[in-house]
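Student: Supplied in structure tokens, the structure appears directly below.
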Amino acid sequence: MICSMSEGSAQPPPSVNAQSNLPTFEMLPSAIRRQGERTQFGDVPVLLIRPEVVVREPSPLLIWIHGRTACKELDSGRYLRLMRRGFGVCAIDLPGHGDRPDLALQDPDRVLEVVMQVAGELDAVAEAAATRLGADRDRVAIGGMSAGGMACAARLCQPHRFAAVVFEATSGDWSFLPDERGCVGRQRDLLDAFNPIEHLEKWRPLPSLAIHSRLDQWIPFASQWRFLDAIEACGPDSLIERVAYDHTGAPGEHAGFGSRSADAKEQFCRFLEQRLLAEFSTGATSV
């Protein structure tokens, strides 16, 4: 599942998004543009953001994966919070999205193909990003929303060295897919082979945060809570944190958490600070 990847020397392609309403790098807040850069590691376009303050050296790093039909530039509020609290960020474009556009790969019937490809890219991206940013390789968290979170769950069912994970509006129990998304053919094969809840024999307990709406119409709340129960059974339940919203007003109660967006981002940052910066919580300096 894990592929090799080297940092590309060529400049990334011009910023292109399949949907005209998605942001580009040039549209990001000036603070992010000042601390960030678009680059490419192998075939993977990424947005790298350096910490704006130094809380510890080397800094911790988050590898973030967006959901289907989005792009890596979409989550500027999250990135601002993290860089201002001493975290480096590396945001990845999913296959077929953002700066590697292919509308066919945005079809819901190909979501598992996309998920498993990016799961196989995570290690090499983390190594390249940590090297470029001078980050602490022992304090790298991964996280993702929807399809991005599914990729994180799949990757963590293999040996790894990631320090924490954040799941947003996603699930590590993919059994909901066949009935609700017409999962057939190769996607059916991928489901049988890689459904995380069925492949926890190599799961290493690690700090995990899950944020979900109870009314989510795209990825059922119950499927993720079943997965969390399963990984709690693999180790100390104190490592698992759950945030459940009764109602957010987001589209499909899924994308962005609507009226609870600010709280979700704050919960996200609090979790990473406690798990990766707790013993280094004072003395931050600007850079």
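Student: If I filter the range 38-58 for residues that are modelled with pLDDT of 95 or more, in a helix (DSSP H, G or I), among the aromatic types (Phe, Trp, Tyr) and surrounded by 17 or more Cβ atoms within 10 Å (Cβ to Cβ), do I get at least one hit?
Tutor: No, the range 38-58 contains no residue that is modelled with pLDDT of 95 or more, in a helix (DSSP H, G or I), among the aromatic types (Phe, Trp, Tyr) and surrounded by 17 or more Cβ atoms within 10 Å (Cβ to Cβ).
Student: Does Arg78 satisfy the criteria of being surrounded by fewer than 20 Cβ atoms within 10 Å (Cβ to Cβ) and within 19 Å of Arg270 (Cβ to Cβ)?
Tutor: Numbers: surrounded by fewer than 20 Cβ atoms within 10 Å (Cβ to Cβ): no; within 19 Å of Arg270 (Cβ to Cβ): yes.
No.
Student: Something else now. Do we find a residue being buried (at least 24 other Cβ atoms within 10 Å of the Cβ) and more than 25 Å from Ala250 (Cβ to Cβ) anywhere in the range 160-181?
Tutor: no
Student: Same structure, new question: State which residue is surrounded by the fewest Cβ atoms within 10 Å (Cβ to Cβ) when the search covers only the range 263-275 and only residues that are touching a residue at least 60 places away in the same chain (Cβ under 8 Å) and of a type outside the set (Phe, Trp, Tyr).
Tutor: Among those that are touching a residue at least 60 places away in the same chain (Cβ under 8 Å) and of a type outside the set (Phe, Trp, Tyr), it is Glu266.
Student: Being part of a helix (DSSP H, G or I) and under 20 Å from the mean Cα position of the chain (by Cα) is the filter here; which residues of the range 227-245 pass it? So that I can check it myself, show each step before the final result.
Tutor: If we filter the range 227-245 for residues that are part of a helix (DSSP H, G or I), which is where we start, we get 227-232, 237-239.
Phe227, Leu228, Ile231, Leu239 - these are the residues of the range 227-245 that are part of a helix (DSSP H, G or I) and under 20 Å from the mean Cα position of the chain (by Cα).
Student: Is it true that some residue in the range 182-200 is in contact with a strand residue (DSSP E or B) (Cβ under 7 Å, 6 or more places away or on another chain), modelled with pLDDT of 95 or more and either assigned to a strand (DSSP E or B) or among the aliphatic types (A, V, I, L, M) (or both)? First the steps, then the outcome.
Tutor: Of the range 182-200, the ones in contact with a strand residue (DSSP E or B) (Cβ under 7 Å, 6 or more places away or on another chain) are none.
The answer is no; no qualifying residue exists.
Student: Given the options Arg214, Arg204, name the one that is touching a Leu at 6+ places or on another chain (Cβ under 9 Å), basic (Lys, Arg) and either surrounded by fewer than 17 Cβ atoms within 10 Å (Cβ to Cβ) or free of Cβ contacts under 8 Å to residues at least 12 places away in the same chain (or both).
Tutor: Arg204
Student: Return the residue satisfying two criteria in turn: it lies in the range 81-112 and is touching a strand residue (DSSP E or B) at 6+ places or on another chain (Cβ under 9 Å) and in a helix (DSSP H, G or I), and of such residues it is farthest from Ala154 (Cα to Cα).
Tutor: It comes out as Met83.
Student: A further question on this structure: Only one residue in Gly98, Gly88 is surrounded by 20 or more Cβ atoms within 10 Å (Cβ to Cβ) and within 20 Å of Val140 (Cα to Cα). Which one?
Tutor: Values: Gly98 fails: within 20 Å of Val140 (Cα to Cα).
Testing whether each residue is surrounded by 20 or more Cβ atoms within 10 Å (Cβ to Cβ) and within 20 Å of Val140 (Cα to Cα) leaves just Gly88.
Student: For the structure I just gave you, tell me whether Gln106 is surrounded by fewer than 23 Cβ atoms within 10 Å (Cβ to Cβ), within 21 Å of Ala250 (Cβ to Cβ), within 18 Å of the chain's Cα centre (by Cα) and not basic (Lys, Arg). Show your work before the answer.
Tutor: Numbers: surrounded by fewer than 23 Cβ atoms within 10 Å (Cβ to Cβ): yes; within 21 Å of Ala250 (Cβ to Cβ): yes; within 18 Å of the chain's Cα centre (by Cα): yes; not basic (Lys, Arg): yes.
Yes: the conditions hold for Gln106.
Student: Let me ask something else. Within the range 250-264, does at least one residue satisfy the condition of being more than 19 Å from the chain's Cα centre (by Cα), at pLDDT below 95, within 19 Å of Val89 (Cα to Cα) and of a type in the set (Gly, Ala, Ser)?
Tutor: no
Student: Continuing with this model, one more query. Restricting to the range 113-145, and then to whatever is closer than 22 Å to Trp218 by Cα and part of a helix (DSSP H, G or I), can you tell me which residue is farthest from the chain's Cα centre (by Cα)?
Tutor: Checking each candidate, the answer is Glu113.
Student: What is the number of the single condition among (1) surrounded by fewer than 18 Cβ atoms within 10 Å (Cβ to Cβ); (2) closer than 24 Å to Asn195 by Cβ; (3) among the acidic types (Asp, Glu) that Glu121 does not meet?
Tutor: Exception for Glu121: condition (1).
The values are calculated or read from the model by the stated rules, or taken from the named source; none is laboratory data. As the structure is a prediction and not an experimental result, all values here were calculated from the model. Quick reminder, even Gly has a Cβ in these numbers, built from the backbone with ideal geometry, and neighbours come from all protein chains shown.
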